[in-house]
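Undergrad: Sharing a structure here in structure tokens format.
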Amino acid sequence: MTILLKSGRVIDPANGRDEIADLLIDGSTISSSIGVDADVVVDCSGKVVAPGLIDLHVHLRVPGQEYKEDVASGTAAAANGGFTAIACQPNTSPPIDHAGTVRQILELAHGASARVYPIAAVSIGLENKQLTEMAELKDAGAVGIGDDAFPVYDSGFLRRAMEYCRMLDLPFIAHCEDKDLTGDGVMNEGYVSAVLGLKGITRWAENIGTARNVMLALATGCRLHVLHVSTKESVEIIRQAKRFGAPVTCETCPQYIALTDEACIGYETNAKMSPSLRTKADSEALLEGLADGTIDVIATDHAPHAPHEKDREFAIAPFGMIGLETSLGVILTHVVKPGVLTLAQAIDKMSTAPAKVLGVTGGTLSAGQPADVTVFDPETPWTVDPSKFKSKSRNTVFAGAELTGKPFLTIVGGRIIDL
Ligand SMILES: [Zn+2]
Ligand SMILES: [Zn+2]
């Protein structure tokens, strides 16, 4: 089958391309031909045709917590948000610590609404005592090794893990946090936590975790990807680490750009996440980091939870918020519209750069590449209505938010995913 995406604004950062043009999809790949009669013709005038968005930070909750999300709902949510591929984090139940689990996820993902790339756990049970069999995990299809939600405490252990990752050419995908400093805090330590009478988490828990991890990347030569950067200090640490020559990339998430800890006012448990929502000065530093290239990637940290879990006292509700179906709209509204990033730069951080970090295909519209394509309307205003989400979960602070820019069509391997 051939699909012609007609007269869209084709933006392909990998090839420095930004022009009004047609794009032809032939079977499962992008074609170099133009002007042929296609089986399906989609009028894309006024819309942006981009390489499929890739979210390298998703909690798919498989195996073990399918009541929050499963492969079908998670990939449907991804496609509905313009994502053609997602990387799923290893803190499942049990964790993704054996090759069999990686294979099981990939089997479930076969024919799903988005590609799924498993990140495997650094340690058995994510207990950080025994390293996993990373070579077997890689052979089974894992694209990275990580410790999300259970940061490695022992620096010697992490050094060994990073040495293996370097040997296997796998990125280490790190949740940077010193849990001793976090203690039993539940939100950003500051004025708002004091007013609410909630136990704070010092920003230095993240900063010290980031500083240690980038130094170990420098020491070992392991490619380190820092998840969910939320503080101004972490941005500066990574900026300096890159100057130092450390092989580091990092991401931030839409919620850290668009929101502050004031979203917790009213004991809003959907605003409880790890790391915590910070302050205006932090959001501004994140925007600077995006603009100057310190922050390579925008990811969501899509963390689904059931209503009965979030509908509790703030102190005992779980950490995390969903993001797949709001990410593009929030970035277009809060980053592109004010001119912090151009459309091409935003697409780079949401597609081309994450493909590079994970070492996977996609992130480009080059002829011959898999036809993973996102078409979106950059100007459509819409109101976030979680009841329309494809995710099984509804835990978002963006409910009711007015956004500009919406996915129009998601194509995975030449298949039009029904939005
Ligand atoms: Zn995390
Ligand atoms: Zn996470």
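Undergrad: If you plug each phi of segment 380-388 into the Karplus form 6.51 cos²θ - 1.76 cosθ + 1.60 with θ = phi - 60°, what whole-Hz ³J(HN,Hα) values come out, in order, with x for Gly and Pro?
TA: Once rounded to whole Hz, the list reads 5, x, 8, 10, 5, 10, x, 5, 8.
Undergrad: Sticking with this structure for a sec: For segment 327-376, what value does the Rg/Rh ratio take when both radii are computed over Cα atoms and Rh is the Kirkwood radius, given to two decimals? Don't skip to the end; give the middle numbers.
TA: Details: Rg = 11.8 Å, Rh = 11.7 Å.
Result: Rg/Rh = 1.01.
Undergrad: Out of residues 5 or more away from H57 or on other chains, whose amide H comes under 5 Å of its own, with H placed 1.01 Å from N in the peptide plane?
TA: Residues meeting the amide H criterion: A87, T300, D301.
Undergrad: Here's something else I'd like to know. Enter the angle in degrees (range 0 to 90, nearest 10) between the Cα long axis of helix 280-291 and the first principal axis of the Cα atoms of the chain, meaning the one along which they spread out most.
TA: Once rounded, one gets 50 degrees.
Undergrad: Where does the charge balance sit around T220 when Lys and Arg score +1, Asp and Glu -1, over other residues with C-beta under 12 Å from its C-beta? Can you show the working numbers first?
TA: Working: positive: R159, R160, R166, R223; negative: E163.
My count for the surroundings of T220 gives +3.
Undergrad: Separate question: Restrict the search to segment 258-355; then list the GluC sites (Glu not before Pro) that DSSP places in a loop and that have at most 12 other Cβ atoms within 10 Å of their Cβ. Intermediate values should be presented prior to the final figure.
TA: Values: sites: E262, E268, E284, E288, E309, E313, E325; in loops: E268, E313, E325.
Loop-located and lightly packed - E313.
Undergrad: When the Cα atoms of segment 165-222 are enclosed in a convex hull and the volume is divided per residue, what value in Å³ results?
TA: Working: hull volume 4.3 nm³, N = 58.
Roughly 74 Å³ of hull volume per residue.
Undergrad: How would you classify segment 102-187 from its alpha-carbon gyration tensor, with a ≥ b ≥ c the square roots of the eigenvalues: rounded for a/c under 1.5, else prolate if a/b is greater than b/c, otherwise oblate?
TA: Working: a/c = 2.51, a/b = 1.44, b/c = 1.74.
Since a/c reaches 1.5 but b/c is at least a/b, the shape of segment 102-187 is classed as oblate.
Undergrad: How much accessible area does I416 have with a 1.4 Å probe, in Å² rounded to the nearest 10?
TA: Its accessible surface works out to 70 Å², give or take rounding.
Undergrad: Indicate the gyration tensor shape class of segment 54-93 (rounded, prolate or oblate), computed on the Cα atoms with a ≥ b ≥ c the square roots of the eigenvalues: a/c under 1.5 is rounded; otherwise a/b larger than b/c is prolate and the rest oblate. Display every interim value, and only then the final one.
TA: On the way: a/c = 3.20, a/b = 1.49, b/c = 2.15.
Oblate, since a/c reaches 1.5 and b/c is not below a/b.
Undergrad: Also, I was wondering about something else. Hey, which lysines would be in cross-link range of K356, C-alpha to C-alpha under 22 Å, not counting anything within fewer than 8 residues on its own chain?
TA: Within the straight-line cut-off, K356 pairs with K138, K242.
Undergrad: Please list the non-local residues whose amide H lies under 5 Å from the amide H of N128, H modeled 1.01 Å from N, same-chain partners needing a gap of 5 or more.
TA: Sorted by chain and number, the residues that satisfy this are S123.
Undergrad: Can you give the Rg to Rh ratio of segment 193-348, both from alpha-carbon atoms, with Rh computed by the Kirkwood formula?
TA: Dividing the radius of gyration by the Kirkwood radius yields 0.98.
Undergrad: Give me the angle, in degrees from 0 to 90, between the Cα long axis of helix 204-220 and the longest principal axis of the Cα atoms of the chain, rounded to the nearest 10.
TA: It works out to around 70 degrees.
Undergrad: Take the Cα pairs of segment 262-318, get the Kirkwood Rh, then feed it into Stokes-Einstein at 10 °C and 1.306 mPa s and tell me D in µm²/s. Working shown, then result.
TA: Working: Rh = 13.2 Å.
Reported coefficient: 120 µm²/s.
Undergrad: Ranked from the most accessible area to the least, with a 1.4 Å probe and all protein chains present, what is the order of M167, M215, M134?
TA: Details: M167 130, M215 95, M134 10 Å².
Largest accessible area first, the residues go M167, M215, M134.
Undergrad: Let me ask something else. On each of the three principal axes of the Cα atoms of the chain, give max minus min coordinate, whole Å, ordered largest first.
TA: Extents along the principal axes: 63, 46, 43 Å.
Undergrad: Can you give the convex hull volume per residue for the Cα atoms of segment 267-419, as a whole number of Å³? Mind dumping the intermediate values first?
TA: Values: hull volume 20.2 nm³, N = 153.
It comes to 132 Å³ per residue, whole-number rounded.
Undergrad: If you fit an axis through the alpha-carbon atoms of helix 99-109 and take the longest principal axis of the Cα set of the chain, what angle between them do you get, 0 to 90°, nearest 10?
TA: That works out to roughly 40 degrees.
Undergrad: Give me, ordered by chain and number, the residues 5 or more places off G200 or on other chains with an amide H under 5 Å from its own placed amide H.
TA: Under 5 Å from the amide H of G200 lie the amide H atoms of V186, each far enough along the sequence or on another chain.
Undergrad: Then there's this: With N set to the residue count of segment 3-160, report its C-alpha Rg divided by 2.2 N^0.38 Å to two decimal places.
TA: Working: Rg = 19.4 Å, N = 158, 2.2 N^0.38 = 15.1 Å.
Relative to the 2.2 N^0.38 Å estimate, segment 3-160 comes out at 1.29.
Undergrad: Read phi for every residue in segment 301-307 and hand back ³J(HN,Hα) as whole Hz from Karplus 6.51 cos²θ - 1.76 cosθ + 1.60, θ = phi - 60°, with x for Gly and Pro.
TA: 6, 4, 10, x, 9, 6, x
Undergrad: Now a separate question. Which residue, L343, L23, L181, tops the fluctuation ranking in a GNM of the chain built on C-alpha contacts under 10 Å?
TA: It is L181.
Undergrad: Then there's this: Which one of L365, L216, L196 has the biggest mean-square fluctuation once the chain is modelled by GNM with Cα springs under 10 Å?
TA: Evaluated over the chain, the most mobile residue of the options is L196.
Undergrad: Now a separate question. If I model segment 1-46 as equal point scatterers sitting on the Cα atoms and use the Debye formula, what is log10 I(q)/I(0) at q = 0.13 Å⁻¹?
TA: At q = 0.13 Å⁻¹ the computed log10 ratios are -0.27.
The values are calculated or read from the model by the stated rules, or taken from the named source; none is laboratory data. For clarity, every value in this text was computed on a predicted model and none was experimentally measured. Counting neighbours? That spans all protein chains shown, and the Cβs are built from the backbone with ideal geometry, glycine included. Remember, those area values only see protein heavy atoms, side chains included, never the ligands or the DNA or RNA. Shrake-Rupley method; radii C 1.70, N 1.55, O 1.52, S 1.80 Å.
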